[in-house]
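Remarks on the structure that follows.
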Amino acid sequence: MEIWINPACSTCASALSLLDDAGATYTVRRYLEEPPTAQEIEDVLQRLGMQPWDITRLTEPAAAELGLTAWPRDESHRRQWIAALAAHPILIQRPIITADDGTAVVGRSPESVRSLLP
């Protein structure tokens, strides 16, 4: 299992605590220090069954600087969104957890984190 976290994120700390309490084995990726590539973001989106705008934090200052709220949310602009997430990983929702079987969730609630546990 791999979890993308920002150490300053309280939701990430809660997800880590849940995983620890369950005895789960996982690898932590501090995605702000080791940003994901566009291909890694694409892979995560496929596992999540989501689009890039679904995992974008539009309240971040970087989103305002890029004008993301005005960007079209369609297939022709999808790569543009992914490139923005790769260039500005602070925009990625957190934590994103991928289980060994490839199942992935955005672990924003205890229920979503628990959904990956055996």
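The values are calculated or read from the model by the stated rules, or taken from the named source; none is laboratory data. Fair warning: this is a prediction, and the values are worked out from it, not measured in the lab. Virtual Cβ from ideal backbone geometry, glycine too; neighbours counted across all protein chains shown. Keep in mind that these areas ignore ligands, DNA and RNA; they rest on the heavy atoms of the full protein, side chains included. Shrake-Rupley method; radii C 1.70, N 1.55, O 1.52, S 1.80 Å.
With the structure loaded, tell me whether Thr98 is touching a helix residue (DSSP H, G or I) at 6+ places or on another chain (Cβ under 9 Å), under 23 Å from Thr25 (Cα atoms) and surrounded by 13 or more Cβ atoms within 10 Å (Cβ to Cβ) or whether it fails that test. Don't jump to the end; show me each part of the working.
On the way: touching a helix residue (DSSP H, G or I) at 6+ places or on another chain (Cβ under 9 Å): yes; under 23 Å from Thr25 (Cα atoms): yes; surrounded by 13 or more Cβ atoms within 10 Å (Cβ to Cβ): yes.
Criteria met by Thr98.
Consider region 49-77. How many of its residues are part of a helix (DSSP H, G or I) and open to solvent by less than 30 Å² (accessible area, probe 1.4 Å)?
Of the residues in region 49-77, 5 are part of a helix (DSSP H, G or I) and open to solvent by less than 30 Å² (accessible area, probe 1.4 Å).
For region 13-48, name all the residues that are assigned to a helix (DSSP H, G or I) and within 17 Å of Leu85 (Cβ to Cβ).
Selection gives Ala38, Gln39, Glu40, Ile41, Glu42, Asp43, Val44, Leu45, Gln46, Arg47, Leu48.
Answer with yes or no whether Glu60 is in contact (Cβ under 8 Å) with a residue 12 or more places away in the chain and either out of contact with any Ser or Thr (no Cβ under 8 Å at 6 or more places or on another chain) or closer than 18 Å to Arg114 by Cα (or both).
Criteria met by Glu60.
Hey, any hits in region 20-29 for a residue that's more than 30 Å from Pro118 (Cα to Cα), at pLDDT 95 or above and exposed (fewer than 13 other Cβ atoms within 10 Å of the Cβ)?
No, because not a single residue in region 20-29 is more than 30 Å from Pro118 (Cα to Cα), at pLDDT 95 or above and exposed (fewer than 13 other Cβ atoms within 10 Å of the Cβ).
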